Amino acid sequence: MREKNSKSDGIDRYHNLEPTTDAGKKLSAIYDEWAESYDDDNDNKLKTVSQPNTVAMLQRHCTNLNSHILDVGCGTGIVGKHLAVAGFTNYDGTDPSTKMLKHAENHGYTQLFPLDIGQALAAEDNTYDVTLCVGVFTHGHVGPEGIDELIRVTKPGGTICFTVNEGVWDASGFPDAIETLTSSNTWILLEKSKQEYMVNEGVQAWYIAARKC
Ligand SMILES: C[S@@+](CC[C@H](N)C(=O)[O-])C[C@H]1O[C@@H](n2cnc3c(N)ncnc32)[C@H](O)[C@@H]1O
């Protein structure tokens, strides 16, 4: 496991996040500061594999490469990079951190637009064939209530894929939320699997894929 430098590592700010009422503002500031070194930390320090794993999960449930995709919490656009490699051609991204979004400009997104934390996504109901959300359901970020917005902007019959850090899975009530969405026929659960997430940290995530009813 890598050695940490608590003065300079964005990762340590992230680890110390606790859900608070002003978490939104704090988060945006943290990610604005982290934007420059985020990809290096992702690839070389954390060895995060959530982005390729989520795109691989999407490929298992959606074969239309022209699908109109929204990447919620797209950050620097690592998911977009993997979508392009997989052959997807039409993906938008949204994120609260303008500095993270700036980096995402390099990764083939059709449109990038800001996300106001605590507000609805800036997209109409039933807009997207696919909605992805990777690395956002995690400590101090977004709880299961955020799933409703992913569903809202997805077309009926569309695919929703997201990750949930194992550390918030039970504590934040994700199993109940997912079960309620399934039993109410809001979506059909396609996949629920536990896989590697941040390999160097020994952290796994739940990977969820569902079809909106
Ligand atoms: C761990 S990063 C993941 C970024 C990207 N999806 C990836 O996999 O590399 C979490 C991202 O969530 C964004 N974020 C923070 N609060 C959010 C919210 N309420 N809704 C959506 N995204 C949020 C952050 O700005 C950051 O870019």
| query | Ile117 versus (1) closer than 21 Å to Ala171 by Cβ; (2) at pLDDT 95 or above; (3) among the aliphatic types (A, V, I, L, M); (4) out of contact with any Asp or Glu (no Cβ under 8 Å at 6 or more places or on another chain): which is the lone unmet condition? | reply | (2)
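Does Lys99 satisfy the condition of being in a helix (DSSP H, G or I), within 14 Å of Tyr31 (Cβ to Cβ) and modelled with pLDDT of 95 or more?
The answer is yes for Lys99.
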| What do you reckon, is Ala104 of a type in the set (A, V, I, L, M) and within 12 Å of the ligand (Cβ to nearest atom)? | yes
| remark: With criteria (1) more than 16 Å from the chain's Cα centre (by Cα); (2) surrounded by 15 or more Cβ atoms within 10 Å (Cβ to Cβ), Gly135 comes up short on (1)
| request: Considering (1) closer than 16 Å to Asn53 by Cβ; (2) in a helix (DSSP H, G or I), say which one Ile208 fails and leave the rest. | output: (2)
| Residue list for the range 102-120, restricted to those being touching a helix residue (DSSP H, G or I) at 6+ places or on another chain (Cβ under 8 Å), assigned to a loop (DSSP other than H, G, I, E, B), in contact (Cβ under 8 Å) with a residue 40 or more places away in the chain and on the phi < 0 side of the Ramachandran plot | Ile117
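How many residues does the range 152-171 contain that are free of Cβ contacts under 8 Å to residues at least 40 places away in the same chain and part of a helix (DSSP H, G or I)? Break it down stepwise before answering.
Start the filter on the range 152-171 by keeping residues that are free of Cβ contacts under 8 Å to residues at least 40 places away in the same chain, which leaves 152, 167-171.
This time we only want the ones that are part of a helix (DSSP H, G or I), so: 152, 167-169.
Adding up the residues that qualify gives 4.
Just to check your reading of the model, which residue among Thr89, Thr110, Thr76, Thr154 is modelled with pLDDT of 95 or more and either within 12 Å of the ligand (Cβ to nearest atom) or within 30 Å of Gly202 (Cβ to Cβ) (or both)? Explain how you work it out, then say what you get.
Values: Thr89 fails: either within 12 Å of the ligand (Cβ to nearest atom) or within 30 Å of Gly202 (Cβ to Cβ) (or both); Thr110 fails: either within 12 Å of the ligand (Cβ to nearest atom) or within 30 Å of Gly202 (Cβ to Cβ) (or both); Thr154 fails: either within 12 Å of the ligand (Cβ to nearest atom) or within 30 Å of Gly202 (Cβ to Cβ) (or both).
The conditions single out Thr76.
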| message | Looking for something at negative phi, surrounded by fewer than 20 Cβ atoms within 10 Å (Cβ to Cβ) and either charged (D, E, K, R) or without any contact (Cβ under 8 Å) to a residue 24 or more places away in the chain (or both) - is there at least one such residue anywhere in the range 60-70? | response | yes
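Which residues, taken from the range 121-151, are in a helix (DSSP H, G or I) and more than 8 Å from the ligand (Cβ to nearest atom)?
Our first condition is that a residue be in a helix (DSSP H, G or I); within the range 121-151, this holds for 146-151.
Across the range 121-151, the qualifying residues are Ile147, Asp148, Glu149, Leu150, Ile151.
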| query | Within the range 99-129, which residues are in contact with a Pro (Cβ under 7 Å, 6 or more places away or on another chain) and surrounded by fewer than 12 Cβ atoms within 10 Å (Cβ to Cβ)? | reply | none
| said: Among the residues in the range 17-26, are any closer than 30 Å to Lys212 by Cβ, at pLDDT 95 or above and within 17 Å of the chain's Cα centre (by Cα)? | reply: no
| field | Conditions (1) surrounded by fewer than 16 Cβ atoms within 10 Å (Cβ to Cβ); (2) within 13 Å of the ligand (Cβ to nearest atom); (3) in a helix (DSSP H, G or I): number failed by Pro175 | value | (2)
| query | Do you know which residues across the range 22-53 are surrounded by fewer than 17 Cβ atoms within 10 Å (Cβ to Cβ), touching a helix residue (DSSP H, G or I) at 6+ places or on another chain (Cβ under 8 Å) and closer than 19 Å to Gln119 by Cβ? | reply | Asp32
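The values are calculated or read from the model by the stated rules, or taken from the named source; none is laboratory data. Since the model is a prediction, treat every value here as computed from it, not as a measurement. With ideal geometry, Cβ positions are generated from the backbone for all residues, glycine too; neighbour counts draw on all protein chains shown.
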